[in-house]
Ligand SMILES: [Zn+2]
């Protein structure tokens with residue numbers, strides 16, 4: 001549900017990087033950021049399943065739509081099962097991109113390859129069959145994976161997307177000001193920042209608004225979708 005950040009954010013950050021770094025041969029295909037020459041950033045929002053609350057940060061999504069801020073959403077299957085209208089709403093915004101985030105938010109390295117495939121594939125199939133949308137990006141729950149995960153994602157012809165910057169937005173002890181301070185110091189050209197849009201982010205909308213002010217409008221670090229960050233940066237920055 002969270003990205004392991006409920007205790008000390010910094011400690012959890014170190015743990016996540018440790019997991020990512022120690023995960024074997026496939027790491028060359030695991031993408032954490034865009035090119036450092038790209039004066040842009042990707043704001044990414046995970047839709048992990050929730051047990052309480054609406055599971056949808058409508059104020060955040062409305063703000064992104066009103067300000068026309070491109071964003072990428074990683075949808076879990078369980079979240080989609082209870083948010084049909086929201087899936088359609090996100091799908092229909094032309095500057096939003098959709099990826100998937102597993103069916104039940106499982107710890108993938110604890111599963112064998114068959115069970116991993118059964119965890120990864122259903123939300124992709126559901127988006128295609130029910131919503132008519134191929135989602136070309138995958139982000140593993142908790143950022144956890146092993147060689148089987150990488151192989152399955154490759155076979156499904158998806159891009160394996162992690163992040164290089166953690167917002168820490170579900171952490172109740174992180175104030176808006178502290179998050180903004182940390183993020184403005186950490187985000188660089190090509191960064192992919194992980195947030196939540198499932199209502200678990202306590203200050204997410206305000207922080208994204210502040211970042212948009214400080215990074216996009218003042219520093220010229222434009223928010224783009226993950227695919228645009230990876231594939232279309234040259235065209236975008238050369239004009
Ligand atoms: Zn998640």
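The values are calculated or read from the model by the stated rules, or taken from the named source; none is laboratory data. Everything numeric in this text was worked out from a predicted model, so none of it was measured. Please note: Cβ atoms are built from the backbone with ideal geometry, for glycine as well, and neighbour counts cover all protein chains shown.
Brief remarks follow.
- Residue match in region 92-108 (condition: in a helix (DSSP H, G or I), within 16 Å of the chain's Cα centre (by Cα) and more than 13 Å from the ligand (Cβ to nearest atom)): no
- Being in contact with a helix residue (DSSP H, G or I) (Cβ under 9 Å, 6 or more places away or on another chain), buried (at least 23 other Cβ atoms within 10 Å of the Cβ) and modelled with pLDDT under 95 is true of residue 3.
- When restricted to residues that are away from the ligand (no atom under 12 Å from the Cβ) and under 15 Å from residue 225 (Cβ atoms), region 68-80 contains 5.
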